[in-house]
Amino acid sequence: MTPKAGPNIEADQKKARLVVYAKLTACMALWGGTWVSGRYVAQEMGPFPAAFLRFSSASLFLYLLSCRVGHGWPKPPRGAWGGVAFLGFTGVFLYNAMFFSGLALIPAARAAMIVACVPSAVALYSAVVLRAPTTALKALGIALSLLGVAVILSGGDPRTLFTHAANPGDLLILGCVVAWAAYSIGGGHVVRKITPLAAVTWSCLLGNAMLLPPALMTGLIPQALAASGLVWANLLFLGVGATGLAFLWYHDGIHALGAPRASIFINLVPVFATLLSTALLGETVGLALVAGGAMVLAGVVLANRPA
């Protein structure tokens, strides 16, 4: 039995790694699917009612998960409330209001490729505002990623950005980039005081509370009553699957592989979004979107390579 112990342990470790890789890949597929579901819901429901209903199910799921994982309801310390409220405002309220508003106006694949530049936006903030050391390779990555977004927005000719009016849908999705970059930067400070799961749970709860007043004022109750079964299925997918379950799997990946290795998988999100939007929504993918998306993803990889 002893000679087999080594190979058996190695085989078990390999199997465990494969399970983690599968969870991370499935997580990215779920996140890619948010653009397709969001696009569908946005055609039939206003942005604030849709966002509120999405995060109602997400908050309930994360609350139950937090109680189970933490063996009780995790209450943030007094000094963490401001940070958690900031996460709820940027990552839940602002992001999702612009997410559903933008998806009502532009294709899902286009929106996903624009938002894919978030890591480069965070790197740019770190370099310019925080004065973080920036290598030539990282600067090249940031520039390449932003140029890729310009290619997508302009349809292949960035010069037209200076001669034509901006598409309102594009501006809303660019607002998503700013909101999520702020959420990511703020989250780094908050998780020093509370666990990532508690931070996400409380940000969902507080952000959803912020969404309630504008949701009620823009027709939450009549739109919820008139929503079709398919709309409700997509809202549940967005809340439970793409928010609650996907976060759990991503958290498992960070625990097993570390944040740098796990975060590499995020580059799969716009790929899945493009494949799913083509298959399920019948969207066409032009050369400008493919070329710009490739530039965005390549720039993200370069901008976030370890020194």
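Quick note: the coordinates plus some simple rules give every number you see, no bench work behind them. These numbers were taken from a predicted model, which means no experiment stands behind them. Cβ coordinates were reconstructed from backbone atoms using ideal geometry, including for glycine residues, and neighbour counts include every protein chain displayed.
From largest to smallest, the equivalent ellipsoid semi-axes obtained for region 74-210 from the alpha-carbon gyration tensor read 30, 20, 10 Å. What base-10 log of the normalised intensity I(q)/I(0) is obtained for region 161-215 from the Debye formula, alpha carbons as equal point scatterers, at q = 0.30 Å⁻¹? Debye curve over Cα of region 161-215, log10 I(q)/I(0) at q = 0.30 Å⁻¹: -1.12. With semi-axes defined as the square roots of five times the eigenvalues of the C-alpha gyration tensor, the equivalent ellipsoid of region 68-125 measures 30, 15, 12 Å, largest first.
With the biggest extent put first, the Cα atoms of region 27-146 measure 47, 40, 24 Å across the principal axes. Whole-Hz Karplus values for region 21-36 come out as 4, 5, 5, 5, 5, 5, 4, 5, 5, 5, 5, x, x, 4, 5, 6 Hz, taken residue by residue from phi with 6.51 cos²θ - 1.76 cosθ + 1.60 and θ = phi - 60°; glycine and proline positions read x.
This model, with +1 at the C-beta of Lys and Arg and -1 at the C-beta of Asp and Glu, gives the chain a dipole about its Cα centre of some 860 debye. Ranking F100, P49, V301 by Cα position along the charge dipole of the chain, where only Lys, Arg, Asp and Glu carry charges on their C-beta atoms, puts V301 farthest toward the positive end.
Working value for region 23-303: equivalent-ellipsoid semi-axes of 28, 24, 17 Å, each the square root of 5 times a Cα gyration tensor eigenvalue, largest first. For the peptides 167-174, 233-240, 33-40, residues were scored by their other Cβ atoms within 10 Å and the scores averaged per peptide; the highest-first order is 33-40, 233-240, 167-174.
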